[in-house]
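Below you'll find the structure, written out as structure tokens, and then a few comments.
The values are calculated or read from the model by the stated rules, or taken from the named source; none is laboratory data. Since this is a predicted model, take the numbers as computed values, not measurements. Positions of Cβ are generated from backbone atoms using ideal geometry, with glycine treated the same way; all protein chains shown enter the neighbour counts.
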Amino acid sequence: MGQKSIEILKQTSINIEELVEKLQKAYADECLSYIQYWEGARFPVGLMRSKLSEEMQEHAEEELKHANWLAKRIIDFGVMPIVGPHEWLKRSNCGYQEPLDSDIMTLLEQNISSERCAIEVYKQLADFTRGKDDITYKLVIKILEEEVEHEQDLEDIRNDIERG
Ligand code: FE
Ligand code: FE
Ligand code: MG
């Protein structure tokens, strides 16, 4: 980030260190979320198997994209994004739910709960940056929109299965 951008941020009441830590934690969530979908997409069994697998692959790609956007923003602050899965796990908000149970309903529930956690994280980040850091605010709103869509996609599939 250039001198002027930093100057503008420093004029607001935002705590930059706290902001970067929040971005790091969200970044860790996205890395884990990417892997959770990527692994889960391989073995859903049961009704709607291929539909869910396809949706999960798509979501995996979107989570990876979110991770890249966040990494770029963290680097803007001159900070290195958290390296490696051990640290991601330690510092994430939402953790990692191993897709060990290939039952489609279990997979759906796991990923719906992860999406709900993500929605809370970005809502909080939006509140933290609103009116202070416009660029981060715009970024987290863009991600929030996609997390809301992810939750909806998974709930739709679950409802279709429940209706039979
Ligand atoms: Fe995401
Ligand atoms: Fe998501
Ligand atoms: Mg989708």
Of the conditions (1) touching a helix residue (DSSP H, G or I) at 6+ places or on another chain (Cβ under 6 Å); (2) away from ligand 3 (no atom under 14 Å from the Cβ), the single one that GLU62 does not satisfy is (2)
What is the number of the single condition among (1) assigned to a helix (DSSP H, G or I); (2) touching a Leu at 6+ places or on another chain (Cβ under 8 Å) that PRO81 does not meet? (1)
Please determine whether any residue of segment 135-158 is over 12 Å from the mean Cα position of the chain (by Cα) and not in a helix (DSSP H, G or I). no
Index of the failed condition, ALA60 passing every other in (1) within 12 Å of ligand 1 (Cβ to nearest atom); (2) part of a loop (DSSP other than H, G, I, E, B): (2)
Pick from segment 42-84 the residues that are touching a Pro at 6+ places or on another chain (Cβ under 8 Å) and under 10 Å from TYR27 (Cα atoms): which of them is surrounded by the fewest Cβ atoms within 10 Å (Cβ to Cβ)? ALA71
Across segment 122-164, the tally of residues that are buried (at least 22 other Cβ atoms within 10 Å of the Cβ), farther than 20 Å from GLU54 by Cβ and within 11 Å of ligand 1 (Cβ to nearest atom) stands at 3
Restricting to segment 11-69, count the residues that are modelled with pLDDT of 95 or more and over 25 Å from ILE141 (Cα atoms). 0
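Could you count how many residues in segment 99-108 are assigned to a helix (DSSP H, G or I) and either in contact with a Phe, Trp or Tyr (Cβ under 8 Å, 6 or more places away or on another chain) or in contact (Cβ under 8 Å) with a residue 24 or more places away in the chain (or both)?
Adding up the residues that qualify gives 4.
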Among (1) closer than 23 Å to ALA126 by Cβ; (2) in contact (Cβ under 8 Å) with a residue 24 or more places away in the chain; (3) not polar (S, T, N, Q) - the single one ILE75 does not satisfy: (2)
